[in-house]
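Contents: one structure, followed by commentary.
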Amino acid sequence: MKSPLLSLPGAVPAEGRDEGVAAHYGDLFREQRALADGTGFVDLSHRGVVTVTGDDRLSWLHLLLTQHVSDLPAGRATEALILSANGHIEHALSLVDDGETVWAHVEPGTRGELIAYLESMKFFYRVEVADRTEDVAVVHLPAGSTAEAPEGVVVRETAYGRDLFLPREELESFAAAHGPTAGVLAYEALRVEGHRPRLGFETDHRTIPHEVGLIGTAVHLQKGCYRGQETVARVQNLGKPPRRLVFLHLDGSEVTLPAHGTPLRLAADGPDGRQLGFVTTAVRHHELGPIALALVKRNVPVDAPLVAGTTAAAQETVVEP
């Protein structure tokens, strides 16, 4: 869905998964600094919005999700996953319950498959699943923002900011009242700085939650059965994940950033060495310079200098080997 805020001065459209909103509005670092200072907001109206209503909504979702939500208090934000039977991540949901409805926003392009799966699992439960993307837009207020949410708008508050489920028709008036508007590149830079994985970027078809640090945040280890739980329990109790998420400081002299999927190798082996992982998200940060998240094999030494394609990369541990 194309955001009306793309008509704002300086707006440059995002590409790929984030198509439909602005990548930036003419000054990437200014937008990052504004968000870091707790001012402005981010237009995330390209994300899917799904709701679940009905008396059984929390107990039913509790059976399907990796998170403990059967007693989720109204207004408390949480994250949850849906796994395959083999424990691979299929969907990621950012949730909040307002006392009558569970609201979730999800990655662009994923809501259709998510809704189809949820519909297939309704059985006799008193629940209704709805796609609200066409009439509700997600906007993000950064941590420290003193902006007031419009009356009646559902708010999902986290340590790194507030997500508002805003009527789509109010996007332009919200922007006029709560600017400056920041693009998704600024939001992504702060996400990478915070080591927060994103579905489809830090995950692929075989990613399990342990690899990207989602145990405890999106996966609850003391809850009942759900699809893929056997893999989660086996890795937690008996083994280690085959890969791990790392944070990279990239050589700042390079003109271009490594693309998603760029191979990682030991710097000592050079660009022809054995591939040990790949870059997932690379960004330019207003203070740290070029940085990235990446997945590497678990046995890669934590202090080993790496090379991403031809770009030197120093790693910091996110997930312990």
Practice item. Considering (1) open to solvent by 20 Å² or more (accessible area, probe 1.4 Å); (2) at positive phi, say which one residue 85 fails and leave the rest. Key: (2)
Exercise for review: State whether one or more residues within the stretch 254-265 are within 17 Å of residue 300 (Cβ to Cβ) and open to solvent by 60 Å² or more (accessible area, probe 1.4 Å).
Suggested key: no
Check your understanding: Cβ-Cβ below 6 Å, separation at least six or inter-chain, first residue in the stretch 153-166 and at negative phi, second basic (Lys, Arg): which pairs?
Key -> 155/162; 163/156
Revision key, fill the gap. Scanning the stretch 223-237 for residues that are small (Gly, Ala, Ser) and either buried (at least 19 other Cβ atoms within 10 Å of the Cβ) or in a helix (DSSP H, G or I) (or both) gives 228, 233
Revision key, fill the gap. Matching residues in the stretch 303-321 (part of a strand (DSSP E or B) and touching a Phe, Trp or Tyr at 6+ places or on another chain (Cβ under 9 Å)) number 4
Study note, to complete from the structure: Taking the stretch 129-148 and keeping residues over 22 Å from residue 116 (Cα atoms) and open to solvent by less than 30 Å² (accessible area, probe 1.4 Å) leaves 139, 140, 141, 142, 145, 147
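Quick check on this structure: which one of 59, 94 is open to solvent by 10 Å² or more (accessible area, probe 1.4 Å), assigned to a helix (DSSP H, G or I) and under 25 Å from residue 228 (Cβ atoms)? Explain how you work it out, then say what you get.
Values: 94 fails: assigned to a helix (DSSP H, G or I).
Result: 59 is the single residue among 59, 94 that is open to solvent by 10 Å² or more (accessible area, probe 1.4 Å), assigned to a helix (DSSP H, G or I) and under 25 Å from residue 228 (Cβ atoms).
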Practice item. Scan the stretch 192-216 for residues that are farther than 15 Å from residue 82 by Cβ and in a loop (DSSP other than H, G, I, E, B) and report the count. Key: 11
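Taking the condition of being open to solvent by 60 Å² or more (accessible area, probe 1.4 Å) and closer than 17 Å to residue 93 by Cβ, how many residues in the stretch 117-128 meet it? First the steps, then the outcome.
Pass one, the stretch 117-128, residues open to solvent by 60 Å² or more (accessible area, probe 1.4 Å): 119-120, 123-126, 128.
Add one more test, that the residue is closer than 17 Å to residue 93 by Cβ, and what stays is 119-120, 128.
Here the count works out to 3.
In this structure, is residue 260 out of contact with any Phe, Trp or Tyr (no Cβ under 6 Å at 6 or more places or on another chain), in a loop (DSSP other than H, G, I, E, B) and free of Cβ contacts under 8 Å to residues at least 60 places away in the same chain?
Answer is yes for this residue.
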Practice item. Quick one: which residue in 300, 246 is open to solvent by less than 70 Å² (accessible area, probe 1.4 Å), closer than 26 Å to residue 16 by Cα and either outside any loop (DSSP other than H, G, I, E, B) or out of contact with any helix residue (DSSP H, G or I) (no Cβ under 9 Å at 6 or more places or on another chain) (or both)? Key: 246
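The values are calculated or read from the model by the stated rules, or taken from the named source; none is laboratory data. Since we're looking at a predicted model, the values are computed, not measured. When we count neighbours, we look across all protein chains shown, and the Cβ atoms used for this are built from the backbone with ideal geometry, even at glycine. SASA here: full protein model, heavy atoms, side chains in, ligands and nucleic acids out. Shrake-Rupley method; radii C 1.70, N 1.55, O 1.52, S 1.80 Å.
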